[in-house]
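What follows draws every value from the coordinates through simple rules; no lab data is involved. Predicted model, so just to flag it, every value in this text is computed and none were measured. Here the Cβ positions follow ideal geometry from the backbone for every residue, glycine too, while neighbour counts run over all protein chains shown.
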Amino acid sequence: MSTKIESVSLVDSAAVPWEEHPRIKNVFMKTLLTPSENPLANISLVKVPVGGAVTRHLHAEQVETVFILAGKSELVLGDRRMPFNAGAIVAIPKGLEHELHNVGDDAVELLAIFTPPIE
């Protein structure tokens, strides 16, 4: 089986504009891949400003994999708090309440991957 190269999406994240997260004030995101490019996942770049937070929430149908690209944060999974800094990755099971707080002096940038994709 072969795939035509014309059907492959290459995204330059620098060319994608930052947009405010639709549900979380002062958190910004760039949607990099949607189910139209990858039927198995959504992939977004997220920026949390100094002192900002991704407030407590859960995903009933998706595993959220988060990779911290830059910055220092605290991750809360259920009632457990832990440092979550550049270079760390976690797969958050569906149905688990979670939140993230920027505890550093610079913005936190992270890659969020949702499987299956959020429609």
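Give me the net charge of K30's neighbourhood, meaning all other residues with Cβ under 15 Å from the Cβ of K30; Lys, Arg count +1, Asp, Glu -1.
Working: positive: K47; negative: D12, E19, E20, E37, E109.
Residues near K30 contribute -4 overall.
In region 11-88, which trypsin sites (Lys or Arg not before Pro) are in a loop and have at most 13 other Cβ atoms within 10 Å, using DSSP for the loop call?
R23, K25
On average over all directions, what projected area in square nanometres does region 1-61 have, based on the convex hull of its Cα atoms?
Result: a mean projected hull area of 6.0 nm².
Mind checking the dipole of the chain: about its Cα centre, +1 per Lys or Arg Cβ, -1 per Asp or Glu Cβ, Debye to the nearest 20?
Working: 10 positive and 15 negative charges, 36 e Å.
For this selection, approximately 180 debye.
Given springs between every Cα pair under 10 Å in a Gaussian network model of the chain, which of A15, A70, A86 has the largest fluctuation?
Result: A15 has the largest fluctuation of those listed.
Hey, if you put +1 on the Cβ of every Lys and Arg and -1 on every Asp and Glu Cβ in the chain, which of G71, A14, F84 ends up farthest toward the positive end of that dipole?
Farthest towards the positive pole: F84.
Note down, for the chain, the three equivalent ellipsoid semi-axes (square root of 5 times each alpha carbon gyration tensor eigenvalue), biggest first, whole angstrom.
26, 17, 13
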